Structures are given as C-alpha cells and as structure tokens.
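No lab work stands behind these numbers, since they all come straight from the coordinates. Small disclaimer: the values here were computed from a predicted structure and weren't measured. Virtual Cβ from ideal backbone geometry, glycine too; neighbours counted across all protein chains shown.
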Amino acid sequence: MERTFAMIKPDGVQRGLIGEIISRFERRGLKLVAMKFVHVPRSLAEAHYAVHKERSFYPGLIEYITSGPVVAMVLEGPNAITAARATMGATNPVNAQPGTIRADFGMEIGRNLVHGSDGPETAAFEVNLWFGDDIPTWDRSNDRWILE
C-alpha cells in the first residue's frame, strides 16, 4: 500500500468544505489513516514549502497557509499519490476536470483548496514532517469490496 499526504488548506476550511473533501477521498476508495486539524506554525509552513523558498510567491504562500487552520491527512491505497491527485484535479482550478475538488469548488490557483504530495519522495517527506511515526495501523472491513 502506498501512503500520501493531503491537506485541506485554509480556504477549504473557511468555506466549510472539510466533510465534502474528505468524503471525495473516501468515496474514491482511499483509506484515511491519520488526520489532524491544526493552525500551521510558521516553522512548519517554511519546512513544508522549503522547495519554493527562492520563488517569488513563497512569502505569500507562507502567509496564506498560516492564516487559518488546515486539515492534514495521510491517505492510503494502491497508487494513493496518483489517485489523490486525480481526485483533487489540476493545480489551477480553471484547468481541472469537472468532478474534481478544484474544478467543482475553486476559481484561482492561489485558493485551490487542497494540497497533495506529487511523488513518493515528497509523500514520505510530508507524511513524516506532519505526523512522524504517529500513524495508526488498522484494517478497513470493506477493503475487499474496494481493492482486488
């Protein structure tokens, strides 16, 4: 099983879309194995987005992600990274396919509701950064109806 990190950003939280977004991941068949509601400390935001530090949008990104609470999650399943990102849609909501989170609820790239790891290395880094080893293991009774 593959694990990935996903986050409902401050705009998704403020707009009351937490349940809808989590529901879409779960209906897709991804298993939610860890979750927390947190107001992101600046140090965590800077560590999370360190790859963008030299980009012009970095200061605004840090200000935005620390502006309100987020929901951080670890999702699990076969090809979880690809499945989660497909469920989210293209980074720019106007380019996202209908039926994805970003297409259905977003208008601008700077308020695109969700973040998802873009590859295995990023997922491992982000899961560890946000959750460390504090991820429970559990069996979902309906996996046999979702997974081969």
Practice task
Test residue 34 against the criterion of being in a helix (DSSP H, G or I) and either over 12 Å from the mean Cα position of the chain (by Cα) or closer than 28 Å to residue 145 by Cβ (or both), and give yes or no.
Solution key: no
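How many residues does the stretch 38-59 contain that are in contact with a Ser or Thr (Cβ under 6 Å, 6 or more places away or on another chain) and either closer than 16 Å to residue 127 by Cα or of a type in the set (S, T, N, Q) (or both)?
Number satisfying all stated conditions: 2.
Table: residues versus (1) crowded, with 19+ Cβ neighbours inside 10 Å; (2) more than 15 Å from the chain's Cα centre (by Cα); (3) farther than 24 Å from residue 28 by Cβ.
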site: 61; (1), (2), (3): no, yes, yes
site: 77; (1), (2), (3): yes, no, no
site: 81; (1), (2), (3): yes, no, no
site: 97; (1), (2), (3): no, yes, no
Fill in the blank from the handout: By residue number, the members of the stretch 84-98 that are in contact with a helix residue (DSSP H, G or I) (Cβ under 6 Å, 6 or more places away or on another chain), in contact (Cβ under 8 Å) with a residue 12 or more places away in the chain and hydrophobic (A, V, I, L, M, F, W, C) are 88
Exercise for the section: Confirm whether residue 80 is in contact with an Asp or Glu (Cβ under 6 Å, 6 or more places away or on another chain) and not polar (S, T, N, Q). Expected result: yes
Problem - Matching residues, the stretch 125-134, being loosely packed, with under 15 Cβ neighbours inside 10 Å and either touching a residue at least 40 places away in the same chain (Cβ under 8 Å) or outside any helix (DSSP H, G or I) (or both) - result: 129, 132, 133, 134
Exercise for the section: Can you run down the residue pairs with Cβ atoms below 6 Å, 6 or more apart or on separate chains, where the first is in the stretch 50-76 and of a type in the set (D, E, K, R) and the partner is assigned to a strand (DSSP E or B)? Expected result: 76/3; 76/31; 76/33
Completion exercise
The residue that is surrounded by the fewest Cβ atoms within 10 Å (Cβ to Cβ), considering only those in the stretch 1-30 that are of a type in the set (Gly, Ala, Ser) and in contact with a strand residue (DSSP E or B) (Cβ under 9 Å, 6 or more places away or on another chain), is 29
